[in-house]
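Single-structure report; data block below.
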Amino acid sequence: MAAENCSDGGQDPNPCYLQKFRLYETRSNFYMVGRDKSGTLCRILKIDRLDPSELTVLEDSTTYPEIECYDLLRRIHEGNRSTGGLKFVTACYGIIGFVKFLGPHYMLLITKRRKIGAICGHTIYAISKTQMITIGNSPVQSNMAYSKNEKRYKKLLCSVDLTKDFFFSYSYNVMHSLQRNLCKNETGLLNYETMFVWNEFLTRGIRNNLKNTLWTVALVYGFFKQVELSVSGRDVKLTLIARRSRHYAGTRYLKRGVNEKGRVANDVETEQIVFEDVPEGCPTQISSVVQNRGSIPLFWSQETSRLNLKPDIILSKKDPTYEATKLHFENLARRYGNPIIILNLIKRCEKKPRETILRSEFANAIRYINKSLTKENRLRFLHWDINRHSRKATNVLELLGRVADYALNLTGIFYCQVTPNCRPEGLLDLTCVLQNDEHFAQIPCDKSDDGEKLDIDVGSDNQSSTENVKPPMFQTGVLRTNCIDCLDRTNVAQYAYGLMALGRQLHAMGFTESQTIDQSSPLAEDLMGVYEKMGDTLALQYGGSAAHNKIFCQRRGQWQAATQSQELFRTLQRYYSNAYMDAEKQSAINLFLGHFQPQQGKPALWELDSDQHYSVGRHGPNLLNEDARTSIKRSMSDGNILCGTDSPMSASNVRQESENRGEAISESTHEMPAYGISYSRFTPRMSCRQLFGEIEDQFLGSNRICYENGDECNCTNFDMDWLSSSGNSCDDDAYDSCRSAAGLSSENIGVELKTGMTTSPSESGSNIKVGERSASEVTCDGLMDEYSESFVNWVTHGDLLIPVKFTCQ
């Protein structure tokens, strides 16, 4: 709910927020009386009940004192006495929106709320109870309201439980990050058009009619938790917010990958806010850091199966120029600035290719996109197979902490000191920030959704500078983390990032001397608990069960048998939800968000095919391009796809594609999926300096670099396994599985590097055919001109690639 001038609907330095409402009805109209927080000022809204086709809402622009408002209601009652007068309907705390199916319009109201936190005095609420009110009072519309389909649509919409995981604020733009709120004082209609307001469609009619948002609340869906911490004897409040995007929203198997507009499934922005818990009227310090998660931005899918716990992963559409992927990362850059750091946690080695299909294609997409970007704006792409290193949770968290440290060095965090004159009734902006003039000439802030750079020019007359004021800090860029579902593994990585960020936040506030927090400290345990709750909440929303928290359980020393039984139960719960409940859940989401709008004479929502196959809007269902699907054939044996239009790849093409992606040696399978994807046990590394620019190379030796045609590679796709002390290859069991599945020895790996390969499409996959030369014909002398001696020995004999020279046998 935005700040509005209670006199004329415009913006005012002393804004008015309507927070409490009372709904009355006559036979022909609804009257809603809105009051501000103090209850002394009132506004009146009239909703027509007799027009069955249109929603007619009129607002009285006059602001009434409470006595005059009651007098006006008394006169309305007297004027309608012959038809029953004015009757009280309900008290409420805001309008969620209006919706129409096949019959009358309905109004959704918040009838009970609860406080779940506060940010700088601005209260955040959750919904405890809602009510749906029928607007129409026409006999024809009344009959339609009781039709079978109408009842089913109502039931479907009500299945979206607004009392769980939805939150809002009257005076704080909770749909935006703290940094954006301070850097750009946005009010009113624009806030509802952002990607995190889930009732944008439901409120569109009244907002367009009244040109204000006094009567509605902007609902954000995701997670909100605020806890109190004690640091060095001082009280601190930590707030963790997860905002789920309404674009391409849905359930696990019905929303995967990216759409044509660059929107990804399970797109969630996570913000961690820390501020001092000080008495009212005292200056306070506040800091925030933002990270992002989202599905792998490729056209891929998994078909829901009641017989298979792990359905095949299908690259469902060929996008040679990766336009949708490019749009996605352009949107991230507009929202957060550069650099965009991508942490990809999916597997690098499998018996049956599933995740590795996406891993290779994702790396190829980033390589292609980076060709058109300037060096400073290139995407920073980090591969790290978390499953390989998850046997010891402490080790995993430590390694992820190093990634977080690098990312934070690049992006920074947001920090400032807030003045005590910041009124809870007003929006936060930079006038609330204690300022030193020398630090506020031109502040680089994050960007709006439409790409507008939020540069703030702050004058020196806001507040006199003081030597005790710390300069503000700003975050530029973001870490984007993904696994396959962006739930379980991603949540562990986000916790590791949050812990590293918390250390920096507390250090900036002067609470700690060190920028790092020990993993065994009570502070780390408290933060882990909050992130675990967030992970469970987001997993229930998207996946149908709580998150798999094996690493967290191991870290706490939980009994292994208890952990295993918990994981099994959650696996079965997720399977049941995906197989039997997700279709209806997806339909409810589509209805709530306005992706499907019922029409007389058109197929009902439940009569349509899978959500993956239709684009449903006000014009009814439209099939997607069938040609995009007819060229795709699924392999029933391994889940790969074959494109009928693909021609066999030449040896040079295979090798060049493999080297360009940093995936030099194919070993994990004997079959080549579409688009020239290969699987490797070894991915050449880049140095940290190449990876992160000016950051020191702390972990890598000079030999662990990426080679292209014998030269040092300057690409930005790289593998994060340099963080592990386990060396370059897969763990022994995974490595052996990959070797046995592929049927390759160290000798014919050498053949693959030097000889040609061709692909032969078939129903069972695309088999790799090695050239005519045998392994014995590929000698070290033949390879020495192009590769280092140690590298050739590693390829030929399977030894570790270490900085020691071997002699050829």
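The values are calculated or read from the model by the stated rules, or taken from the named source; none is laboratory data. Computed from a prediction, not measured in an experiment: that's the story for all the values here. All Cβ positions, glycine included, derive from the backbone under ideal geometry; neighbour counts span all protein chains shown. The area values use the complete protein model at the heavy-atom level, side chains included, leaving out ligands, DNA and RNA. Shrake-Rupley method; radii C 1.70, N 1.55, O 1.52, S 1.80 Å.
Odds and ends about this structure:
- Taken over the range 255-282, the criterion of being of a type in the set (A, V, I, L, M, F, W, C) and surrounded by fewer than 19 Cβ atoms within 10 Å (Cβ to Cβ) is satisfied by V278, C282.
- Some residue of the range 111-122 being hydroxyl-bearing (S, T, Y) and either open to solvent by less than 30 Å² (accessible area, probe 1.4 Å) or in a strand (DSSP E or B) (or both): yes
- Check on G97, surrounded by 20 or more Cβ atoms within 10 Å (Cβ to Cβ) and not in a loop (DSSP other than H, G, I, E, B): yes
- Only one of R246, R252 that is closer than 30 Å to E355 by Cβ, open to solvent by 10 Å² or more (accessible area, probe 1.4 Å) and either in the same structural domain as I124 (by the TED database) or at pLDDT 95 or above (or both): R246
- Scan of the range 264-282 for residues that are over 22 Å from D165 (Cα atoms) and either in contact (Cβ under 8 Å) with a residue 60 or more places away in the chain or among the basic types (K, R) (or both), ordered by number: F275, E276, E280, G281, C282
- Inspection of the range 297-311 identifies no residue that is touching a residue at least 60 places away in the same chain (Cβ under 8 Å), of a type in the set (K, R) and either surrounded by 20 or more Cβ atoms within 10 Å (Cβ to Cβ) or closer than 24 Å to H247 by Cα (or both).
- Complete set of residues in the range 41-85 that are open to solvent by 30 Å² or more (accessible area, probe 1.4 Å), in a loop (DSSP other than H, G, I, E, B) and touching a strand residue (DSSP E or B) at 6+ places or on another chain (Cβ under 7 Å): L55, T56
- The selection criterion, being among the β-branched types (V, I, T), open to solvent by less than 10 Å² (accessible area, probe 1.4 Å) and touching a helix residue (DSSP H, G or I) at 6+ places or on another chain (Cβ under 8 Å), does not hold for T321.
- Residues that are farther than 23 Å from I110 by Cβ and among the small types (G, A, S) within the range 21-68 comprise S28, S53, S61, listed in sequence order.
- Of note, N370 does not satisfy the criterion of being closer than 23 Å to G294 by Cβ, open to solvent by 60 Å² or more (accessible area, probe 1.4 Å), out of contact with any Phe, Trp or Tyr (no Cβ under 7 Å at 6 or more places or on another chain) and touching a residue at least 60 places away in the same chain (Cβ under 8 Å).
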